[in-house]
Amino acid sequence: MSTTTATASPPATINATPPRQRGYWGNVGYRLRYDPVTLLFGTVLLLIILCAIFAPLIAPFDPYQESIIRRLKPPGYRGHILGTDELGRDVLSRILFGGRITLTMGILPVMVATLIGGGLGVLAGFAGGLINALIMRVMDVFYAFPSVLLAVAISGAMGGGAVNGMIALTLVFIPPLCRVAETATTQVRNLDFVDAAKATGAPLRLVLWHHVLGNILGPVLIYASSLVSVSIILASGLSFLGLGVTPPEPDWGLMLNALRQAIYISPLVAAMPGIAILITSISMNMVSDGLRSAMDVRS
Amino acid sequence: MFGYVVRRLLSAVPIALGVSMVCFALVYLAPGDPVQTLLPPDADAETVDRLKALYGLDRPLPIQYLDWLWRVAHGDLGRSIATGREVSNEIARSLGNTVLLAALSVLIAFSIAFVMGTIAGRRVGTVVDRLVTGVAVLGVSIPNYWLGIVLVIIFAVELMALPASGMASDHFDPTSWDHLQYLVLPVFTLSMIPVGIIARTTRAAVSEMMNQEFIVTLRANGVPEWRVLRHALKNALPPILAVMGLQFGTLMGGSILVETVFSWPGSGYLLSKAILTRDIPVLQGTILVLALIFVATNLLVDLLQSSLDPRIRRA
């Protein structure tokens, strides 16, 4: 085991992965190819992301263009496929552009939290002892808050805004990711091949990179992917409370909040932004579940 | 058992202290000086200093924290900036409404999800199982603030069958439909996430239990299927009840969005109003109380579970 790692090319590149692991990822890909449900929801997710990226090209209207005479029109009114909002702006265009902000606010905090929380978890798990106790007890404190409450508390105290919202969400997701990484690292650390690598003089950096990270990356990434859906719902929820994105930026949660006032006039349009959140979060959950079962070696 | 209870109770003390530190620190997360929110923007430096001295904000942070903790321990959470009323009174008045909402939601979610999960867990891989799993995924994927709005559109705006928001009066009367009808939509909305989570847990627990050897033995002995199921459920129940308890604590702190949608006069709505008016004392106090309730619920669930399942005590 250690000879393959010692002779491997620069460890910072993907090429360094030993052949046996490529077989594992190959297996995962093979299983995913024969999982129609995951493929279907994965396609939906990809379409949503593409729509957000290419929003300027496909949006039929300017998402900021207001019109006094076109306020709260029903779907289908003069080319407004999903109708118009309380300021006469095209709802479809705003949903397409809103995807950029909502998806960023959902995905970025999970990515940053995976890096920080995962890093702290590996450190705690590999170092053990006092460092472990110190890190994990601090995490326990943040674990003692329900996630919605912690997100609201931090962004509420910091005074709202998209950046503060993302910082709050990052802080919400660091403790659970840290715990998952710590558990996985503690398990791997005590396995024989890690001792063997250390005994044959493999530098700590290599042991961490190949033996520890190579084995815990799967569970940590699966867990992180399951958090993205939670993060999107929470991010939109913050904007819905007036804590996240500020007007006039298009954001699904913020749109939902603004259109809520119009449920007596234009109920169908008021429900639209929520449908976007729902489809995204279902797709994300299904893809995450599919990945989990594809990466589960036991099944 | 006694030793375990004492150990578990003691382990909650540092967590509670940590929670209080986070809540204390919230004030310092706010942009600018805490005093600045109380004063007009053109206040001179001398006034700022005087007010700081008045609130004790010129002293070192650890002293300020201990001082704050001492007051909190005596039930003094400060006064609301917006209304001038005592924060502890405001919380006490709204907390009962949130307990009512969260407890009803969890109980209803449990009754639905337990049946769903049991049916799915006995027939893993069948159409019924996929259906239940699908509903469970929907339950955790649906943004409940949106579901609340949709339900208001359907039942309050279009059908005019149920009230859209609020509560009949401050004194809730469980025998009167006039009072109960205000609960229907918020409770249904809030129960969606626990339905998804409890159904998943039940399905996993029951399907695992059905593969156990003692079930095979029971069947081999000719025990009727309904009694086999009773044995399986009895053994599967503790973890499901634990999840249900944890969900209650989560809903207590997580009902803010649903309470805002329905203007339900609970602690979440209080918090949401405090955010809009930047009423930091109310924000801080409410979050502290809700987080401590969450810690207490988790503790209680742990203790109850260990009394149901002696194996946990040894771990």
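The values are calculated or read from the model by the stated rules, or taken from the named source; none is laboratory data. Source: prediction; values computed, not measured. When we count neighbours, we look across all protein chains shown, and the Cβ atoms used for this are built from the backbone with ideal geometry, even at glycine. Accessible surface areas use protein heavy atoms only, side chains included; no ligands, DNA or RNA. Shrake-Rupley method; radii C 1.70, N 1.55, O 1.52, S 1.80 Å.
Here are the numbers for the structure shown:
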| item | result |
| --- | --- |
| Segments classed as helices (runs of 4 or more DSSP H), wholly inside the stretch B:236-315, with at least 2 members that are under 17 Å from the mean Cα position of the chain (by Cα) | B:256-262, B:267-276, B:280-308 |
| For B:THR217: the one exception among (1) β-branched (Val, Ile, Thr); (2) out of contact with any Lys or Arg (no Cβ under 7 Å at 6 or more places or on another chain); (3) open to solvent by less than 30 Å² (accessible area, probe 1.4 Å) | (3) |
| Some residue of the stretch B:156-167 being touching a residue at least 40 places away in the same chain (Cβ under 8 Å), open to solvent by less than 60 Å² (accessible area, probe 1.4 Å) and away from every other protein chain (no Cβ under 14 Å) | yes |
| Those residues of the stretch A:150-169 which are in contact (Cβ under 8 Å) with a residue 40 or more places away in the chain and under 15 Å from B:LEU276 (Cβ atoms), in sequence order | A:VAL152, A:SER155, A:GLY156, A:GLY160, A:GLY161 |
| Pick from the stretch B:1-43, criterion at pLDDT 80 or above, more than 19 Å from A:ARG137 (Cβ to Cβ) and not hydrophobic (A, V, I, L, M, F, W, C), ranking: surrounded by the fewest Cβ atoms within 10 Å (Cβ to Cβ) | B:GLY3 |
| Residue within the stretch B:224-247 that is within 12 Å of chain A (Cβ to nearest Cβ), open to solvent by 50 Å² or more (accessible area, probe 1.4 Å) and in contact (Cβ under 8 Å) with a residue 12 or more places away in the chain present | yes |
| Residue match in the stretch B:157-177 (condition: within 23 Å of B:LEU233 (Cβ to Cβ) and either small (Gly, Ala, Ser) or over 21 Å from the mean Cα position of the chain (by Cα) (or both)) | no |
| Residue identified as at pLDDT 75 or above and in a helix (DSSP H, G or I) among A:LEU87, A:LEU39, A:LEU72 | A:LEU39 |
| Pair list, Cβ under 7 Å, 6 or more apart: the stretch B:132-152 residue more than 7 Å from chain A (Cβ to nearest Cβ) and under 17 Å from A:PRO273 (Cα atoms), other residue open to solvent by 20 Å² or more (accessible area, probe 1.4 Å) and among the aromatic types (Phe, Trp, Tyr) | B:LEU151/B:PHE188 |
| Pairs, first over 16 Å from B:ARG278 (Cβ atoms) in the stretch B:80-106, second of a type outside the set (Ser, Thr, Tyr) and surrounded by fewer than 14 Cβ atoms within 10 Å (Cβ to Cβ), C-beta under 7 Å, six or more apart | B:SER88/B:GLY75 |
| Verdict on A:ALA59 being at pLDDT 85 or above and either over 18 Å from the mean Cα position of the chain (by Cα) or open to solvent by less than 40 Å² (accessible area, probe 1.4 Å) (or both) | no |
| Options A:VAL141, A:VAL91, A:VAL110, A:VAL148; residue that is over 25 Å from A:ILE277 (Cβ atoms), among the aliphatic types (A, V, I, L, M) and either within 14 Å of chain B (Cβ to nearest Cβ) or crowded, with 21+ Cβ neighbours inside 10 Å (or both) | A:VAL141 |
| Residue list for the stretch A:157-178, filter: among the β-branched types (Val, Ile, Thr) and closer than 16 Å to A:VAL228 by Cβ | A:THR170, A:VAL172, A:ILE174 |
| Per-region count, the stretch A:151-161, residues in a helix (DSSP H, G or I) and either at the interface with chain B (Cβ under 9 Å from one of its Cβ atoms) or at pLDDT below 90 (or both) | 7 |
| Evaluation of A:SER9 against (1) more than 27 Å from A:GLY274 (Cβ to Cβ); (2) at pLDDT 80 or above; (3) of a type in the set (Ser, Thr, Tyr); (4) outside any helix (DSSP H, G or I) (one fails), failing number | (2) |
| Filtered residues of the stretch A:227-244 (kept if open to solvent by 10 Å² or more (accessible area, probe 1.4 Å), in a helix (DSSP H, G or I) and at the interface with chain B (Cβ under 10 Å from one of its Cβ atoms)) | A:VAL230, A:ILE233, A:LEU234 |
| Residue within the stretch A:256-263 that is more than 9 Å from chain B (Cβ to nearest Cβ), open to solvent by 10 Å² or more (accessible area, probe 1.4 Å) and under 28 Å from B:ALA274 (Cα atoms) present | yes |
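Quick grid of which residues meet (1) modelled with pLDDT under 90; (2) part of a helix (DSSP H, G or I); (3) more than 13 Å from chain B (Cβ to nearest Cβ); (4) open to solvent by 10 Å² or more (accessible area, probe 1.4 Å):
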position	(1), (2), (3), (4)
A:GLY165	no, yes, no, no
A:ALA168	no, yes, no, no
A:LEU171	no, yes, no, yes
A:ILE174	no, yes, yes, yes
A:VAL194	yes, yes, yes, no
A:GLY201	yes, no, yes, yes
A:ASN215	yes, yes, yes, yes
A:THR246	yes, no, yes, yes
A:GLU249	yes, no, yes, yes
